[in-house]
Amino acid sequence: MMSGHGTRDRFGRYCELLDSLTGATSVISDVEPRVIGDGPVRAISYIGTPEPGYVTGFTYGLSLSRHADWGERGCELSITVRSGDVEWAQVPARVVAALRGICPFNPGQVLGYKEPYVGGSFMSSIVLAEPALELGAGSLDLGGEEGGAKVPDVVEIFGAYPIHSSEREFAYLRGFNALWGLDWDRFDPTRAPVAESSW
């Protein structure tokens, strides 16, 4: 269900907040959503953030829908990986474009795809958890004014971490905490799968 917050001013406030929090200037790209009428989906990418050799991306468009699990807040996703390939910054937006309105996008959830997200990597799934970057309290207020009064519009940011399909299956069997407790580099999208011997 649409929330009615799909204004250009709202997107502008969101980008300004993200630019301020990251200390960088974003590159914005559109991703075609599964249902056009549900509003735009955009990838907001930062190259060399939080430091050289990394890329960070945020979604815009998930918070244009609502889910019973979220209450009054909206949600968006972020990703941070150690890579020079900006395509990684667009992965969460592609996931949102495909699944918005179908799944709740809650922390602890594992989402998979039938093929690798980015060339040169075998990872075809993401797991949602706390964001990698410090974002204040983890939420942003995109509220504007209506009739001279401030209207709150709180958006919580969840982190998206790329994982292998075997790790996705492990999470389905054992749960998020079991996967999160394994020893794996959260920021390396080219790492090998966690060995089954460590399960």
Task: Residues of segment 45-77 that turn out to be modelled with pLDDT under 90 and hydrophobic (A, V, I, L, M, F, W, C), as a count - done: 2
Open item on the list: Looking for something touching a helix residue (DSSP H, G or I) at 6+ places or on another chain (Cβ under 6 Å) and within 18 Å of P162 (Cα to Cα) - is there at least one such residue anywhere in segment 61-72?
Closed with: no
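Part of a helix (DSSP H, G or I), of a type in the set (S, T, N, Q), crowded, with 16+ Cβ neighbours inside 10 Å and within 14 Å of the chain's Cα centre (by Cα) - does that describe any residue in segment 60-70?
Within segment 60-70, one or more residues are part of a helix (DSSP H, G or I), of a type in the set (S, T, N, Q), crowded, with 16+ Cβ neighbours inside 10 Å and within 14 Å of the chain's Cα centre (by Cα).
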Open item on the list: What's the total number of residues in segment 165-186 that are in a helix (DSSP H, G or I), surrounded by 13 or more Cβ atoms within 10 Å (Cβ to Cβ) and in contact (Cβ under 8 Å) with a residue 40 or more places away in the chain?
Closed with: 7
- [ ] Among the residues of segment 23-39, count how many are among the hydroxyl-bearing types (S, T, Y), surrounded by fewer than 19 Cβ atoms within 10 Å (Cβ to Cβ) and not in a strand (DSSP E or B).
- [x] 1
Task: Residue among R13, R42 that is in a helix (DSSP H, G or I), open to solvent by 40 Å² or more (accessible area, probe 1.4 Å), of a type in the set (K, R) and at pLDDT 90 or above - done: R13
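The values are calculated or read from the model by the stated rules, or taken from the named source; none is laboratory data. In this text the structure is predicted, and so the values were computed from the model without any measurement. No Cβ is skipped: glycine too gets one built from the backbone with ideal geometry, and neighbour counts run over all protein chains shown. Heavy atoms of the whole protein, side chains included, go into the accessibility calculation; ligands, DNA and RNA do not. Shrake-Rupley method; radii C 1.70, N 1.55, O 1.52, S 1.80 Å.
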